[in-house]
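As structure tokens, the structure follows; a few thoughts come after it.
Just so it is clear, none of the values below were taken in a lab; they were calculated from the coordinates. These numbers were taken from a predicted model, which means no experiment stands behind them. As a convention, Cβ positions derive from the backbone with ideal geometry for all residues, glycine included, and neighbour counts pool all protein chains shown.
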């Protein structure tokens, strides 16, 4: 704590030391330094430096910006996928193009049907039911 208090006191003394050093310079150099200080103030560089030094001042706007970008990406991806689906639905109903795509549509439907039938867990559920009945009967004895 003492070190931070001493550092704060030194920081408070710095503008006075700078002013004393600047007053010792020639008039032309003093004007140049004042012009640079005014330019820094006008460009808001002091606030930018404070922004960079403070992690919370950097994290919060970036967090909000990240959420906004993610939400925007989600919305636009939904719109694009919807448009692609709608376009395909319109194309399949067209007479010439629909006839050419019909075998592929039929193939996709049969593959999907095979997949749903192969992942039917009816047999597994029947085996589990038998096992549970067996466990119940053993516990009653």
Gain upon complete extension [residue 135, residue 71; 0.36 nm per residue less C-alpha separation]: 18.0 nm
Residue 116 to residue 29: extension gain in nm, 0.36 nm per residue of separation minus the Cα-Cα distance? 23.0 nm
What list do you get for 118, 54 if you sort them by fewest beta carbons within 10 Å? 118, 54
How much of the pair distance distribution for segment 54-141 lies past 19 Å, counting alpha-carbon pairs only, in percent? 73
